[in-house]
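Below is one structure, written out as structure tokens; the observations come after it.
The values are calculated or read from the model by the stated rules, or taken from the named source; none is laboratory data. Please read all numbers here as calculations on a predicted model, not as lab measurements. Using ideal geometry, Cβ is built from the backbone for each residue, glycine included, and neighbour counts are taken over all protein chains shown.
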Amino acid sequence: MGLLAKIFTWWDGATVGTHLFSALNGEKVGEDHQGNTYFRSKPRKGMKERRWVIYKGANDASRVPSEWHGWLHHSYDAIPESHLPPPRIWEKDYVPNLTGTSAAYRPAGALERGGVRAAATGDYEAWTPEA
């Protein structure tokens, strides 16, 4: 099932077509600490450089680190590894986008948490239109 999945699905890693396109038309630029691979188009006269990423695992744009995001969107031309500042002590490790999973944030009153919210405190007055 692995080969068929690679041929027909795009949401869990790159398809065979994407790998083929990258091999023929792209130049590997680098990888990030999560294993995502970054490419740019081979130079062609009169064509703007294209940049893209092949994710390791599920395709989720929130998995692109900020330094590579800037490079992908042409904010700067240098490869991110060449000008990364040292990590700060207050920086947190990457956390994937948890939306749609059982670990997603659920505020009080959400149906997934029972649908019960705190009682009104009386500081709210409902608006009624004047007749």
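General remarks:
- Residue 112 modelled with pLDDT of 85 or more and either more than 20 Å from the chain's Cα centre (by Cα) or assigned to a loop (DSSP other than H, G, I, E, B) (or both): no
- Filtering the range 50-81 to residues that are out of contact with any Phe, Trp or Tyr (no Cβ under 8 Å at 6 or more places or on another chain) and within 18 Å of residue 20 (Cα to Cα) leaves 50, 55, 56, 57.
- One residue from 35, 30, 70 being modelled with pLDDT of 85 or more, in a strand (DSSP E or B), among the small types (Gly, Ala, Ser) and within 28 Å of residue 15 (Cβ to Cβ): 30
- Conditions (1) over 13 Å from the mean Cα position of the chain (by Cα); (2) touching a residue at least 60 places away in the same chain (Cβ under 8 Å); number of the one not met by residue 34: (1)
- Picking from residues in the range 71-84 that are surrounded by 14 or more Cβ atoms within 10 Å (Cβ to Cβ) and of a type outside the set (A, V, I, L, M), the one that is farthest from residue 39 (Cα to Cα) is 80.
- Any hit, the range 118-129, residues being out of contact with any His (no Cβ under 9 Å at 6 or more places or on another chain), surrounded by 11 or more Cβ atoms within 10 Å (Cβ to Cβ) and part of a loop (DSSP other than H, G, I, E, B): no
- When residues of the range 74-96 are limited to those that are part of a loop (DSSP other than H, G, I, E, B) and touching a residue at least 12 places away in the same chain (Cβ under 8 Å), the one nearest to residue 27 (Cα to Cα): 79
Let's see how each residue does on (1) out of contact with any Gly (no Cβ under 7 Å at 6 or more places or on another chain); (2) aliphatic (A, V, I, L, M):
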| residue | (1), (2) |
| --- | --- |
| 94 | yes, no |
| 98 | yes, yes |
| 103 | yes, yes |
| 108 | yes, yes |
| 113 | yes, no |
| 117 | no, no |
| 120 | yes, yes |
| 124 | yes, no |
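- Restricting attention to the range 18-69, the residues that are surrounded by 14 or more Cβ atoms within 10 Å (Cβ to Cβ), small (Gly, Ala, Ser) and closer than 17 Å to residue 84 by Cβ total 1.
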